[in-house]
1. Looking for something crowded, with 22+ Cβ neighbours inside 10 Å, modelled with pLDDT under 95 and of a type in the set (Lys, Arg) - is there at least one such residue anywhere in the stretch B:328-343?
2. When residues of the stretch C:1-53 are filtered for being among the aliphatic types (A, V, I, L, M), under 22 Å from residue C:112 (Cβ atoms) and in a helix (DSSP H, G or I), how many remain?
3. Taking the condition closer than 28 Å to residue B:139 by Cβ, more than 14 Å from chain C (Cβ to nearest Cβ), hydroxyl-bearing (Ser, Thr, Tyr) and open to solvent by 20 Å² or more (accessible area, probe 1.4 Å), does residue B:101 pass?
4. Would you check if there is a residue in the stretch B:143-161 being in a helix (DSSP H, G or I) and in contact with a helix residue (DSSP H, G or I) (Cβ under 9 Å, 6 or more places away or on another chain)?
5. Taking residue D:239, is it among the acidic types (Asp, Glu), more than 30 Å from residue A:18 (Cα to Cα) and facing chain C (nearest Cβ under 10 Å)?
6. Can you tell me which of D:197, D:185 is outside any helix (DSSP H, G or I), surrounded by fewer than 22 Cβ atoms within 10 Å (Cβ to Cβ) and touching a Phe, Trp or Tyr at 6+ places or on another chain (Cβ under 9 Å)?
7. So, residue A:166, is that one in contact with a strand residue (DSSP E or B) (Cβ under 9 Å, 6 or more places away or on another chain), outside any strand (DSSP E or B) and within 14 Å of chain B (Cβ to nearest Cβ) or not?
8. Out of (1) open to solvent by 30 Å² or more (accessible area, probe 1.4 Å); (2) under 22 Å from the mean Cα position of the chain (by Cα); (3) within 14 Å of chain D (Cβ to nearest Cβ); (4) β-branched (Val, Ile, Thr), what's the single condition that is false for residue C:250?
Number of protein chains: 4
Amino acid sequence: MNDRIPTPTATPPDILRCAYMDIVVTDLAASREFYVDILGLVVTEESETEIYLRPFEEFIHHNLVLRRGPIAAVAALSYRVRSPRDVDLAEAYYKELGCRTERRSNGFAKGVGDSVRVEDPLGFPYEFFYSVEHVERLAWHYELYGAGALVRLDHFNQVTPDVPRGRGYLEDLGFRVTEDIQDSDGVTYAAWLRRKDTVHDTALTGGDGPRMHHIAFATHEKTNILYICDKLGALRKSDLIERGPGRHGVSNAFYLYLRDPDGHRVEIYTQDYYTGDPDNPVVTWDVHDNQRRDWWGNPVVPSWYTDASLVLDLDGNPQPVVSREEPSELAVTVGADGFSYTRLGDEEHGFKLGNTL
Amino acid sequence: MNDRIPTPTATPPDILRCAYMDIVVTDLAASREFYVDILGLVVTEESETEIYLRPFEEFIHHNLVLRRGPIAAVAALSYRVRSPRDVDLAEAYYKELGCRTERRSNGFAKGVGDSVRVEDPLGFPYEFFYSVEHVERLAWHYELYGAGALVRLDHFNQVTPDVPRGRGYLEDLGFRVTEDIQDSDGVTYAAWLRRKDTVHDTALTGGDGPRMHHIAFATHEKTNILYICDKLGALRKSDLIERGPGRHGVSNAFYLYLRDPDGHRVEIYTQDYYTGDPDNPVVTWDVHDNQRRDWWGNPVVPSWYTDASLVLDLDGNPQPVVSREEPSELAVTVGADGFSYTRLGDEEHGFKLGNTL
Amino acid sequence: MNDRIPTPTATPPDILRCAYMDIVVTDLAASREFYVDILGLVVTEESETEIYLRPFEEFIHHNLVLRRGPIAAVAALSYRVRSPRDVDLAEAYYKELGCRTERRSNGFAKGVGDSVRVEDPLGFPYEFFYSVEHVERLAWHYELYGAGALVRLDHFNQVTPDVPRGRGYLEDLGFRVTEDIQDSDGVTYAAWLRRKDTVHDTALTGGDGPRMHHIAFATHEKTNILYICDKLGALRKSDLIERGPGRHGVSNAFYLYLRDPDGHRVEIYTQDYYTGDPDNPVVTWDVHDNQRRDWWGNPVVPSWYTDASLVLDLDGNPQPVVSREEPSELAVTVGADGFSYTRLGDEEHGFKLGNTL
Amino acid sequence: MNDRIPTPTATPPDILRCAYMDIVVTDLAASREFYVDILGLVVTEESETEIYLRPFEEFIHHNLVLRRGPIAAVAALSYRVRSPRDVDLAEAYYKELGCRTERRSNGFAKGVGDSVRVEDPLGFPYEFFYSVEHVERLAWHYELYGAGALVRLDHFNQVTPDVPRGRGYLEDLGFRVTEDIQDSDGVTYAAWLRRKDTVHDTALTGGDGPRMHHIAFATHEKTNILYICDKLGALRKSDLIERGPGRHGVSNAFYLYLRDPDGHRVEIYTQDYYTGDPDNPVVTWDVHDNQRRDWWGNPVVPSWYTDASLVLDLDGNPQPVVSREEPSELAVTVGADGFSYTRLGDEEHGFKLGNTL
């Protein structure tokens, strides 16, 4: 596994941003209730088999496709590139890497034009497109906003066994690392990578993969995230809250993790920082720092480390999952095998559930 | 234990509100750092042995006394009454109950005049006073507000073995129940009681007692509470966060529980509802409803159930702690002995730490 | 006018709080759109001629009645009293004052029982009741909350020519003044009076009266108020915003004033302070202090001083409006006749519209 | 004036973002009180003649220089470019435009290395640099945050007589228009232009110029902006609030305009939208739409249109101010000469001060 993915001689595409995720859900009505009725995403269009969704500030056709299918999985993580020509560049780039690619001039999803999908070196179904239908940016339509209004797609998060290997591949593709989690032995547990001026467009979480860890939508304020929790409580669906709300150490953003009816994880996220300068300082966190994942030291629930969504190959079959060989973040930080600190060298551990259970 | 406390023939005092808590701390400098530097309470006056504190909207001399002493404990839970004569009524009321009382025309704490302290039937050191020094209400002094500014004392919370017994006593004293937690066998686990127009001035939590569970200060908004967590993280003191932040089921308020350097528990609280009508509806929660203590279903850390502060008798000696005989809320809801539900009758339990650890 | 209203020998009723306003609107559908579709008040019940509304934390039948009629006016300002007997006390009290009264054992509005309505000494239609139908307190029903959710009725505000005369009458009735606006000549321009533990249940604004200045509903947070403005902008109804949003000097609350389709003024209000102690300090503001009405010094629009709603007598006819004889707050503070300061004695006036137009 | 500025054949520099403004203030202590004590900007370093300031999320040496001098003015609007070579490109680009340039390998301000300053075709002192000293990004230092913490430099705003002429020049330089204000005769009143992924790095406001209209800092949330107003009220400096707080139509951001002790205008700004796609839709607003500048229809104070800061040439002398020849936004929208609407074609004007005074 630890062989570096070779750097192609081809020019990589100029990626603008993470643009949409195409996910397979097993009960479209249940998913519609979750994403539309509860989270308030806007339906751009829908059919009996597909729903295309966007948050209030988006002007492209969609940021999320719900596609009815037999197995809950992710069909594509799709990036928008700067020009039509960049789709050609993407296709050539992955062909040089020896990856399977599929080009469709009319796109794989409604509203999207010329696209290429690839089975990337990490096993993920990546897509690249430029051409896309514009729809109304509903930013000013406050009469449609709920109290927890989602306004932007923020990022993807992918599970892969060997984070440095994935990081090298994504850096070659033009991504820049903003933060990571390591230990004193040099093991990397996770890395955050960006194209747009935020902390990330995608992140790599060390674990058995390829699997999709989560998709994240942004709200304007922390109070919007708190409302989503209040609403889930009112609907007696608080068990969909997996982790949070809380303040991340990494990214400094405010967060909440939910699980959709198929178990796909959705993050609600707000207020990270500008990263657009080429010399933006990289922040490295110690895996044993118990404020890295939650700045308030609140424990990470084990399912957050262990659960993730299958991803599909270009035939629609689940990619086999390869085990992580290096230590897991869960093992080195929780319970008998692990330890964490609030103050390096300090023996006190406080009252938190992770310490007392 | 289950004998009802007799109702005196004497008229009870007309209690306005919980007014201040007098607590003994073992390291005054450490406590000052916590309450003044971190939480931002305003120092009305201080000496080498005592610090008198108030939040921004208070106009009486203090809502909290920190008193240096050998054992961390609570010296008094003090209520303000409507008139000087109500102090006489209080004294007579407790004398009829057979309680030890002590009257001091110059008060037990600086700034407070004629007061009576009692060892109440539950073993708590209650105080009643009317006369008090006025100080500036700093409500408009925003130049002094930090981002997590505390504005009011909201309530006390007391641990007592037999909640219905304590409830009957406090109802006789003029308190009204607003909410409680019961089970289908009729066991009461906790009750909330008010004088002013909020959900409570004090609450009774079932457990080994008499002990003091927490003192609660109010902020204006939820974001103020989130900031306190962010600041504790920045100070590398996140281990002082015991539970939360979150939304209570009971009271519908937003909350955070901290532990001071002696382990005294402090709640930060905002946005409960008006309860001032005599027929205000009482809300009863099922002890197995996992949204009762946290509306989002986030688990209650065991220390929150088990830990509390000793209380002192009028000689300054700790009151002996009597065990609760009825089932504990911890036992019936967490782990092997207990169960909780999000939806009554539904078997699913979700991803929460309380369910997975 | 300056004759003091005599203090009755009768015991006044024990008033709990302002409870509801009964207003006549000329286009019930337009009013419904404003109060229900835009502001999100909950409909308890409605017919072709009446709509009964409440905010999310209310448990009595309604806090607002919209009643279809030929002339926009106020039919009643209604207070809840502590017991059924207090209705008798109210009736006797006003009879002794020589006021016309009308008692209806089945109430004047649906959901309300035994009530007395009076034409009070200031010419206002006051109502007093205890018996009322309980409805569900929707406080926990966050799935119904919009982003600008109204949670409580907070207060009334009445226009009367002689504020000290009205103040004396209301103090006799049991109200307590919390704040007022005066000048150095001893003229009183406005006074705030409370029964519940907030800054006011009603206020007296000096001007031609009797007229109703506004009714105020509370939200939880400032951001809820900002959202109402955003929504009105999105609906292209921003011209319904008369004044604000802003921070009051008086009351220290955050505010917004809207005008309903008939011109009735509605305030949205949040975060004043506890006033329940009998020696709560009264705050007196100088009429020339330009932070008294808006803490940020933003100008008060003239219509806010001049416009108000007619009130009805018990036959449903508008009460004649009597002119204020003392100087008006508008005249002494705005434009050629008036002056205001930010810092007493300082000549600078800044850039504000009130100074530059 | 209406001659287009020629497009150079030289490659323009790759501009990352607006980076800092260098302003001359006449009383350094007074300015320090405003920017440091009141607004809470962090001092990177200071001397008796200069103060270097940054907000909490910045990692370059400063975003604002306060420089003591005899006349309040702007010495430079400085942009960071992608690489050292882009400074060469900038120098060559402006030389081809016939502009005066000055190159300093050690920079014009502390902490900044190789820089070029130019007198640009619109008369503004623009600067371009890449090399800069890194300082600590204080994003996680919540213990230092005040309740109104400023976190990023967001944008500049420049006054120039001929907006389309300036727009053409900035588009050649690589900026992209995101929004503008026009009338039905084709007159452009203002335009917003970006490099980073926000609505703007700078904007052109039509008026007598060259002058600097304002510099804008971002906060995380609306409540932070409200707090700044509350604090100014508490300090009895509310007359420094020129306009707002409010919601912009253009940019959809929440805003507040202050005036510093020299009259330099500072905007506090939060929550505009992502604009990084090359086909990001341009929003054009009608100058008569009274929600364009304030979404709530609150009036723009005349000084906001008429006042601005002088800018300096490379010798430190004020640039002469050239009058705008086209109609002014003030004239066409306020008072006798102008008109605005909330709903196009609707005659109603509401209660707002701009309509009633």
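The values are calculated or read from the model by the stated rules, or taken from the named source; none is laboratory data. All values reported here derive from a predicted model rather than from experimental measurement. In this analysis, Cβ positions are derived from the backbone assuming ideal geometry, glycine residues included, and neighbour counts consider all displayed protein chains. What goes into the accessible areas is simple: the full protein's heavy atoms, side chains included, and nothing from ligands, DNA or RNA. Shrake-Rupley method; radii C 1.70, N 1.55, O 1.52, S 1.80 Å.
1. Scanning the stretch B:328-343 turns up no residue that is crowded, with 22+ Cβ neighbours inside 10 Å, modelled with pLDDT under 95 and of a type in the set (Lys, Arg).
2. 2
3. Judged against the criteria, residue B:101 is not a match.
4. For the stretch B:143-161, residues in a helix (DSSP H, G or I) and in contact with a helix residue (DSSP H, G or I) (Cβ under 9 Å, 6 or more places away or on another chain): present.
5. yes
6. D:197
7. No; evaluated as a whole, the condition is false for this residue.
8. Checking residue C:250 against (1) open to solvent by 30 Å² or more (accessible area, probe 1.4 Å); (2) under 22 Å from the mean Cα position of the chain (by Cα); (3) within 14 Å of chain D (Cβ to nearest Cβ); (4) β-branched (Val, Ile, Thr), the one that fails is (1).
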